[in-house]
Amino acid sequence: GQQLNQSPQSMFIQEGEDVSMNCTSSSIFNTWLWYKQDPGEGPVLLIALYKAGELTSNGRLTAQFGITRKDSFLNISASIPSDVGIYFCAGQPPGSQGNLIFGKGTKLSVKP
Amino acid sequence: DARVTQTPRDKVTEMGQEVTMRCQPILGHNTVFWYRQTMMQGLELLAYFRNRAPLDDSGMPKDRFSAEMPDATLATLKIQPSEPRDSAVYFCASGRQGVLYNEQFFGPGTRLTVL
């Protein structure tokens, strides 16, 4: 089946830094979604992308739906401590009835 | 503030016991999903429903898992008999699926531990 490769697996941030993560696939997707999960909670939807090339912002977060429909990235500008958590990308394959394929996640931690 | 609710939040049980997890989707959402999350496998789709009808349950072990939607406000996931390998966090998500949108909103999860 289709798979999503999400990178990096983990990263450390210092407050104020910009952060970038991405998801790639060998197959195309119709929709890309980005979620954030805090410990002990369910994933929370951050941004939804529906058209190739679409660039969408939500506060300090910006995400883009790749032109090839096989990738997406998420940027966080001027990170703050509450940005730590696990970020997941998810894509809807063509022909699916709404089900999503999830990446393995990018864990964001604060630099010691 | 509409949210997906799940009960119980935590469940510890012994191998062989029946486990029932419940989910109340967001009012007006027509699609409900059940996921399982583990460190090794990440988020796995178990089953999902649209307008209360099962669309796909190919992700579920059929011999012990069952999912139902008795009405539009309740979705259930049952495991009988439970096994230690079922220990995981189980999430319910709901959404309004359509041609123009496909967003899923997750509940807080049920953390299941099978001893």
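For B:Gly42, state whether it is on the phi > 0 side of the Ramachandran plot and within 11 Å of another protein chain (Cβ to nearest Cβ).
Working: on the phi > 0 side of the Ramachandran plot: yes; within 11 Å of another protein chain (Cβ to nearest Cβ): yes.
Criteria met by B:Gly42.
Residues to consider are B:Cys23, B:Cys92; find the one that is under 15 Å from the mean Cα position of the chain (by Cα), closer than 19 Å to A:Gln97 by Cα and surrounded by 14 or more Cβ atoms within 10 Å (Cβ to Cβ).
Working: B:Cys23 fails: closer than 19 Å to A:Gln97 by Cα.
The unique qualifying residue is B:Cys92.
Give region B:39-54 a look and list any residue that's within 14 Å of the chain's Cα centre (by Cα) and farther than 14 Å from B:Ser94 by Cα, or say none.
Listed by number, the residues that qualify are B:Leu43, B:Glu44.
Check A:Leu4, A:Leu61, A:Leu45, A:Leu33 and return the single one that is under 25 Å from A:Lys111 (Cβ atoms) and of a type outside the set (Gly, Ala, Ser).
Values: A:Leu4 fails: under 25 Å from A:Lys111 (Cβ atoms); A:Leu45 fails: under 25 Å from A:Lys111 (Cβ atoms); A:Leu33 fails: under 25 Å from A:Lys111 (Cβ atoms).
After applying the criteria, what remains is A:Leu61.
Find the residue count for region A:73-112, including only residues that are within 14 Å of chain B (Cβ to nearest Cβ), hydroxyl-bearing (Ser, Thr, Tyr) and touching a strand residue (DSSP E or B) at 6+ places or on another chain (Cβ under 6 Å). Full working, then the answer.
So the first thing to find is which residues in region A:73-112 are within 14 Å of chain B (Cβ to nearest Cβ), and the list is A:85-107.
Remaining after also requiring hydroxyl-bearing (Ser, Thr, Tyr): A:87, A:96, A:106.
Cutting the leftovers down to touching a strand residue (DSSP E or B) at 6+ places or on another chain (Cβ under 6 Å) gives us A:87, A:106.
Total satisfying the criteria: 2.
So B:Thr5 clears everything in (1) out of contact with any His (no Cβ under 7 Å at 6 or more places or on another chain); (2) buried (at least 17 other Cβ atoms within 10 Å of the Cβ); (3) among the hydroxyl-bearing types (Ser, Thr, Tyr) except one condition, right? Which one?
(2)
Restricting to region A:87-112, what's the tally of residues that are part of a strand (DSSP E or B), under 13 Å from the mean Cα position of the chain (by Cα) and surrounded by 18 or more Cβ atoms within 10 Å (Cβ to Cβ)?
First, the residues of region A:87-112 that are part of a strand (DSSP E or B): A:87-92, A:101-102, A:106-110.
Now restrict to residues that are under 13 Å from the mean Cα position of the chain (by Cα): A:87-91, A:101-102, A:106-108.
Subsequent filtering for residues that are surrounded by 18 or more Cβ atoms within 10 Å (Cβ to Cβ) retains A:87-91, A:101-102, A:106, A:108.
Of the residues in that region, 9 qualify.
Just checking, does region A:24-37 include any residue being closer than 24 Å to B:Ala47 by Cα and touching a helix residue (DSSP H, G or I) at 6+ places or on another chain (Cβ under 9 Å)? Let's see the steps before the verdict.
Taking region A:24-37 as the starting set, the residues that turn out to be closer than 24 Å to B:Ala47 by Cα are A:25, A:27-37.
Filter again for touching a helix residue (DSSP H, G or I) at 6+ places or on another chain (Cβ under 9 Å), leaving A:36.
There is at least one residue in region A:24-37 that is closer than 24 Å to B:Ala47 by Cα and touching a helix residue (DSSP H, G or I) at 6+ places or on another chain (Cβ under 9 Å).
Here are B:Leu55, B:Leu27, B:Leu43, B:Leu115: which of them is in contact with a Lys or Arg (Cβ under 9 Å, 6 or more places away or on another chain) and not hydroxyl-bearing (Ser, Thr, Tyr)? Break it down into steps so the answer makes sense when it comes.
Details: B:Leu55 fails: in contact with a Lys or Arg (Cβ under 9 Å, 6 or more places away or on another chain); B:Leu27 fails: in contact with a Lys or Arg (Cβ under 9 Å, 6 or more places away or on another chain); B:Leu115 fails: in contact with a Lys or Arg (Cβ under 9 Å, 6 or more places away or on another chain).
The unique qualifying residue is B:Leu43.
If I go through region B:1-39 residue by residue, how many of them are more than 12 Å from chain A (Cβ to nearest Cβ), in a strand (DSSP E or B) and of a type in the set (D, E, K, R)?
2
Restricting to region B:71-115, name every residue that is of a type in the set (Phe, Trp, Tyr) and farther than 17 Å from B:Gln37 by Cβ.
Initially, region B:71-115 is screened for residues of a type in the set (Phe, Trp, Tyr), giving B:90-91, B:101, B:105-106.
Of everything in region B:71-115, just one residue is of a type in the set (Phe, Trp, Tyr) and farther than 17 Å from B:Gln37 by Cβ, namely B:Tyr101.
Scan region A:35-46 and report the pairs whose first residue is more than 8 Å from chain B (Cβ to nearest Cβ) and whose second residue is charged (D, E, K, R), with Cβ atoms within less than 8 Å and a gap of 6+ or a chain change.
A:Leu46/A:Lys36
Just wondering, is there one or more residues in region B:63-79 that are facing chain A (nearest Cβ under 10 Å) and not acidic (Asp, Glu)? Give the steps one after another, and end with the answer.
Kept after step one, since they are facing chain A (nearest Cβ under 10 Å), are these residues of region B:63-79: none.
Checked against the condition, which is being facing chain A (nearest Cβ under 10 Å) and not acidic (Asp, Glu), region B:63-79 yields no hits at all.
State which residue is farthest from the other protein chains (Cβ to nearest Cβ) when the search covers only region B:86-115 and only residues that are without any contact (Cβ under 8 Å) to a residue 12 or more places away in the chain and in contact with a strand residue (DSSP E or B) (Cβ under 8 Å, 6 or more places away or on another chain).
To start, the set of residues in region B:86-115 that are without any contact (Cβ under 8 Å) to a residue 12 or more places away in the chain comprises B:98-103.
Applying the additional criterion that residues be in contact with a strand residue (DSSP E or B) (Cβ under 8 Å, 6 or more places away or on another chain) yields B:101-103.
Values: B:Tyr101: 7, B:Asn102: 5, B:Glu103: 5 Å.
Step by step, filter region B:86-115, then rank; the result is B:Tyr101.
More than 23 Å from B:Ser94 (Cα to Cα), of a type outside the set (Gly, Ala, Ser) and modelled with pLDDT of 95 or more: which single residue out of A:Gln37, A:Gln14, A:Gln64 fits that description?
On the way: A:Gln37 fails: more than 23 Å from B:Ser94 (Cα to Cα); A:Gln14 fails: modelled with pLDDT of 95 or more.
Only one candidate passes the filter, namely A:Gln64.
If I go through region A:1-16 residue by residue, how many of them are within 21 Å of A:Ser27 (Cα to Cα) and in a loop (DSSP other than H, G, I, E, B)? Give the steps one after another, and end with the answer.
Initial filter on region A:1-16 (within 21 Å of A:Ser27 (Cα to Cα)): A:1-9.
From what's left, in a loop (DSSP other than H, G, I, E, B): A:1-4, A:8-9.
Of the residues in that region, 6 qualify.
The values are calculated or read from the model by the stated rules, or taken from the named source; none is laboratory data. If you're wondering where the values come from, they're calculated on a predicted model, not measured in any experiment. So basically every Cβ, Gly included, is an ideal-geometry build from the backbone, and we count neighbours across all protein chains shown.
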